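Okay, so here's the structure we're looking at.
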Amino acid sequence: MEILTYNTISFLFLYFFVSVLCQNGSDISPISSPSPFGVSTEQLIFKDGRLAVVYPIIQAFKATITEDPLNRTGNWVGGDICNYTGFYCDNPPDNLSAIAVAGIDFNGFLLGAPTLDGFINKLPDLAIFHANSNKFAGSIPDVSQLKYFYELDVSNNVHAGTFPMTVIGVKDLSFLDIRFNLFSGSVPPEIFNQALEVLFINNNDFTAKLPETFGSTPVRYLTLANNKLTGSIPRSIGNLNMTLIEVLLLNNKLTGCLPYEVGFLKELKLFDVQDNLLTGPLPCSLSCLDKIELLNLANNLFYWEVPEELCALVNLENLTLSGNYFTKVGPVCRKLIKNGILDMRQNCVHDLPDQRSLLECTQFYLKYIRFCPYPETYKIIPCKDDYHHHWEGSKAKTMKAPVTYKTLSRHKF
């Protein structure tokens with residue numbers, strides 16, 4: 001993701017005591033006062049008093065860096081902070097003639113430091129902090145006092161402990177990426193009450209159940225993959241019908257049945273729950289996912305027939321149902337198999353190739369069938385009144401890589 005400017009964001013300036021010999025916010029100013037951070041600013045020239053305020057904070061952080069193999073901090077000297085590698089300045093909305101540090105992009109710098117606390121939370125004008133692929137440790141600083149801070153990316157570092165509660169309640173936070181760290185424990189329900197557009201917490205060690213507040217955030221891109229989350233997918237997921245575009249829940253320990261409410265997600269393009277313990281028949285409401293392109297339900301415990309209405313979705317580019325216990329596919333679904341869109345390997349449709357043995361299928365149906373709650377909903381197609389799905393035959397399509405699949409790589413995307 002690239003550094004954004006302030007543009008329309010609001011702005012709060014937190015004053016630090018420092019003696020600045022200037023007449024207004026944009027004057028070039030010599031500084032010769034002692035710093036409360038123990039870093040001398042004697043005889044340095046700054047373009048703005050706000051830059052003089054953050055200089056000792058940056059230098060104090062630089063002194064804590066233990067690894068810098070690419071020498072990214074080599075030019076963090078002198079008063080020209082806006083030309084420091086990784087730092088970006090802009091004119092703050094409260095004073096368009098002033099200059100302040102608006103964003104930081106340390107993506108791929110490979111820096112090592114024991115903590116970020118005392119650094120980003122002390123930069124009063126900071127709106128964005130991206131630091132993918134470094135070796136930052138410790139807790140996530142409390143940025144709640146940076147009133148208009150809105151993007152935090154500390155992915156692929158070595159942060160540990162429980163979910164960073166310091167991000168809860170950050171008013172304007174819209175982008176949170178903490179994937180590929182060492183976080184563990186539960187995911188707090190409060191995070192789903194925030195107005196996030198992007199939430200990536202995959203590849204940690206989170207456990208516990210998904211909270212009922214799961215559907216309370218207007219999130220557009222959601223990745224919870226490769227953790228140890230348990231329980232069922234909350235019915236509140238249907239509340240995301242106007243916003244959710246991509247969701248990755250793969251490789252967890254989710255159980256129960258797919259809720260009927262998944263079919264309400266009319267903006268959904270990608271839904272991946274591969275490698276869980278989900279079960280039951282597929283709800284026919286899935287045939288209302290008009291925009292769905294990739295649907296991956298592989299390696300679960302789904303059974304019975306594959307709804308023909310699902311196979312009739314016109315935007316479907318990949319439907320993966322392998323590794324389940326389905327027993328029947330109709331003619332529309334069989335056309336998708338023939339055209340390489342539907343993967344039905346390792347199921348119980350014995351006139352198809354590469355299926356489970358008859359014994360394995362029989363044992364499953366005798367011992368492991370679990371009936372779903374609200375069974376009356378599974379044949380309902382909520383969009384039936386304006387039903388316009390139709391199968392147009394095979395079309396050669398070029399798939400655009402989804403945003404969320406890129407989060408399964410450690411590095412920036």
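The values are calculated or read from the model by the stated rules, or taken from the named source; none is laboratory data. These figures come from a predicted structure and were not determined experimentally. Ideal geometry is used to build each Cβ from the backbone, glycine not excepted, and the neighbour counts take in all protein chains shown. Quick note on the areas: whole protein, heavy atoms, side chains included, nothing else; ligands and nucleic acids left out. Shrake-Rupley method; radii C 1.70, N 1.55, O 1.52, S 1.80 Å.
What number of residues within the stretch 283-309 satisfy the criterion of being in contact (Cβ under 8 Å) with a residue 60 or more places away in the chain, touching a strand residue (DSSP E or B) at 6+ places or on another chain (Cβ under 9 Å) and open to solvent by less than 10 Å² (accessible area, probe 1.4 Å)?
2
Checking the structure you have, find out if any residue of the stretch 393-407 is under 30 Å from Phe180 (Cα atoms), at pLDDT 85 or above and assigned to a loop (DSSP other than H, G, I, E, B).
Of the residues in the stretch 393-407, the ones under 30 Å from Phe180 (Cα atoms) are 398-407.
Now drop any that are not at pLDDT 85 or above, which leaves 404-407.
Filter once more, keeping what is assigned to a loop (DSSP other than H, G, I, E, B): 407.
Within the stretch 393-407, one or more residues are under 30 Å from Phe180 (Cα atoms), at pLDDT 85 or above and assigned to a loop (DSSP other than H, G, I, E, B).
Name the single residue, out of those in the stretch 205-220 being modelled with pLDDT of 95 or more and over 23 Å from Asn300 (Cβ atoms), that is most open to solvent (accessible area, probe 1.4 Å). Steps first, please.
Start the filter on the stretch 205-220 by keeping residues that are modelled with pLDDT of 95 or more, which leaves 205-206, 219-220.
If we keep only those that are over 23 Å from Asn300 (Cβ atoms) as well, we get 219-220.
Working: Val219: 2, Arg220: 93 Å².
The selected residue is Arg220.
Conditions first: (1) open to solvent by 40 Å² or more (accessible area, probe 1.4 Å); (2) assigned to a loop (DSSP other than H, G, I, E, B). Asn202 passes all but one, so which condition is the exception?
(1)
Among (1) at pLDDT below 95; (2) at positive phi, which single condition is Ser139 missing?
(2) is the only condition that Ser139 fails.
Mind telling me which of the residues Leu173, Leu152 ends up being in a loop (DSSP other than H, G, I, E, B), open to solvent by less than 50 Å² (accessible area, probe 1.4 Å) and either among the hydroxyl-bearing types (Ser, Thr, Tyr) or closer than 30 Å to Pro92 by Cβ (or both)?
One residue alone meets the criteria, Leu173.
Tyr260 fails exactly one of the following numbered conditions: (1) under 28 Å from the mean Cα position of the chain (by Cα); (2) surrounded by fewer than 22 Cβ atoms within 10 Å (Cβ to Cβ). What is the number of that condition?
(2) is the only condition that Tyr260 fails.
Suppose we filter the stretch 49-88 for residues that are of a type in the set (Lys, Arg) and either over 18 Å from Ile128 (Cβ atoms) or outside the structural domain of Ala113 (by the TED database) (or both); how many remain?
Total satisfying the criteria: 2.
Out of the residues in the stretch 313-331 meeting the condition of being of a type in the set (A, V, I, L, M, F, W, C) and crowded, with 19+ Cβ neighbours inside 10 Å, tell me which one is nearest to Ile381 (Cα to Cα).
Only one residue fits best here, namely Leu313.
I'm trying to understand the selection: among the residues of the stretch 96-119, which are in contact with a Ser or Thr (Cβ under 8 Å, 6 or more places away or on another chain), touching a residue at least 60 places away in the same chain (Cβ under 8 Å) and farther than 17 Å from Asp153 by Cβ?
Of everything in the stretch 96-119, those that are in contact with a Ser or Thr (Cβ under 8 Å, 6 or more places away or on another chain), touching a residue at least 60 places away in the same chain (Cβ under 8 Å) and farther than 17 Å from Asp153 by Cβ turn out to be Ser97, Ala98, Ile99.
Just for the stretch 181-195: of the residues that are among the aliphatic types (A, V, I, L, M) and surrounded by 20 or more Cβ atoms within 10 Å (Cβ to Cβ), which one is nearest to Lys171 (Cα to Cα)?
Ile191
When the stretch 116-134 is examined, which residues are found to be outside any loop (DSSP other than H, G, I, E, B) and within 14 Å of Phe87 (Cα to Cα)?
Ile120, Ile128, Phe129, His130
What strands (runs of 3 or more DSSP E) lie completely within the stretch 273-364 and have 2 or more residues being among the polar types (S, T, N, Q)?
Correct list: 318-320.
Hey, does the stretch 209-217 have a residue that's in a helix (DSSP H, G or I) and of a type in the set (A, V, I, L, M)?
no
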